[in-house]
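Encoded as structure tokens, the structure appears first; notes follow it.
Quick note: the coordinates plus some simple rules give every number you see, no bench work behind them. Values in this document were obtained by computation on a predicted structure and should not be read as measured data. Counting neighbours? That spans all protein chains shown, and the Cβs are built from the backbone with ideal geometry, glycine included.
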Amino acid sequence: MDNNAICLIFRVPEMGKVKTRLAKEVGEIKAYEYYKIMLNETINKVLNLGSAALIGFYSGNKPINGYNFPLYKQKGKDLGEIILNAVKKLKSLGYRKIVVIGSDSPDMPNEFIKNAFEALDNTDFVIGPTEDGGFYLLGLTDIYNCIFFEVDWGSQNVFESLLKNITKLKKTFLLLPIWYDIDSKKELFRWLEKLT
């Protein structure tokens with residue numbers, strides 16, 4: 001456990017600044033409220049796992065309370081740089097196996113995270129692809145700047161580009177089952193149905 005870290009990349013809940021794509025469909029207030037639930041579910045899931053230290057990397061205003069785990073301000077111009085800098089920080093703190101997640105897949109099965117840590121004993125990367133061409137989880141044990149080169153963040157080619165870069169490095173990887181992240185009303189309702 002001491003060598004394992006779950007790196008949570010998230011935005012501090014703030015009206016009008018979270019889930020902007022979703023807000024266009026359901027309104028800013030609902031998007032904000034749902035985002036808070038998604039984030040809390042994700043945090044509680046990880047804390048209950050107890051198999052790794054939870055470290056948060058946030059954007060927005062620094063949270064004043066409600067977060068009982070270490071927090072660092074995100075650094076970087078895009079998601080690739082943010083993840084890279086977060087991993088560098090965690091490596092400098094002595095963590096060996098790192099699993100990066102966001103708050104957009106709150107009902108991701110716990111087994112996915114557990115399997116990622118186990119797999120990192122024998123493989124360089126673990127990736128959980130999303131249905132929309134992104135990824136919901138990235139596990140790694142080392143820093144490779146070039147895996148984030150020429151990735152069009154926010155497009156449907158993120159996962160594909162990431163995999164291409166890992167293959168170019170001749171590194172090993174394991175793919176987790178495809179899951180979904182919540183960016184639209186359709187995915188929101190899919191998640192809400194599971195809650196009822």
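Could you tell me how many degrees, from 0 to 90 and to the nearest 10, lie between the Cα long axis of helix 158-168 and the main elongation axis, the longest principal axis, of the Cα atoms of the chain?
In the chain, helix 158-168 runs at an angle near 0 degrees to the longest axis.
By count of other Cβ within 10 Å, fewest leading, how are L140, L163, L22, L169 ordered?
Details: L140 25, L163 17, L22 22, L169 14.
Ordered by Cβ neighbours within 10 Å, fewest first: L169, L163, L22, L140.
Residues with beta-carbon under 12 Å from that of Q74, excluding Q74: net charge, scoring Lys, Arg +1 and Asp, Glu -1?
Values: positive: R11, K62, K73, K75, K77, K89; negative: D78, E81.
Around Q74, the charge tally is +4.
Let me check against my output: what whole-number percent is the relative contact order of region 4-190, with C-alpha pairs under 8 Å and at least 6 apart? Could the numbers behind the result be given before it?
On the way: 313 pairs, mean separation 43.0, N = 187.
For region 4-190, the relative contact order is 23 percent.
Expressed as a whole number of Å, what is the distance separating the alpha-carbon centroids of region 127-152 and region 167-188?
8 Å
Need one word for region 67-159: rounded, prolate or oblate. Basis is the Cα gyration tensor (sqrt eigenvalues a ≥ b ≥ c); a/c below 1.5 gives rounded, then a/b vs b/c decides. Working shown, then result.
Working: a/c = 1.25, a/b = 1.05, b/c = 1.19.
Rounded shape, in that the Cα axes give a/c under 1.5.
A 19 angstrom limit on the alpha carbon distance is what I want to check against. Which of K17/K62; K19/K88; K19/K185 exceed it? Don't jump to the answer; show the numbers that get you there.
Details: K17/K62 14 Å; K19/K88 27 Å; K19/K185 11 Å.
Over 19 Å apart, Cα to Cα: K19/K88.
For a quick check of your reading of the filter: which GluC sites (Glu not before Pro) in region 1-55 sit in a DSSP loop and have no more than 16 other Cβ atoms within 10 Å? Numbers along the way, then the final one.
Details: sites: E14, E25, E28, E33, E41; in loops: E14.
Taking region 1-55 and a limit of 16 other Cβ atoms within 10 Å, the loop GluC sites (Glu not before Pro) found are E14.
Nearest 10 degrees, 0 to 90: what angle lies between the long axis of helix 79-92 and the longest principal axis of the chain (Cα atoms)?
Compared with the principal axis, the helix lies near 60 degrees.
What is the sum of charges, Lys and Arg at +1 and Asp and Glu at -1, for the other residues whose Cβ falls under 12 Å from the Cβ of P109? List each step's numbers first, then the result.
Numbers: positive: K45, K114, K194; negative: D107, E111.
Summing Lys/Arg as +1 and Asp/Glu as -1 gives +1.
Which angle between 0 and 90 degrees, to the nearest 10, do you get for helix 28-49 versus the longest principal axis of the chain when only C-alpha atoms count?
Relative to the chain, helix 28-49 is tipped by roughly 40 degrees.
So what is the calculated 222 nm ellipticity per residue for the chain, using -39500 (n - 2.57) for each DSSP H run with n of 4 or more, over all residues, to the nearest 500 deg cm²/dmol?
Helices in the chain give a 222 nm mean residue ellipticity of -12000 deg cm²/dmol.
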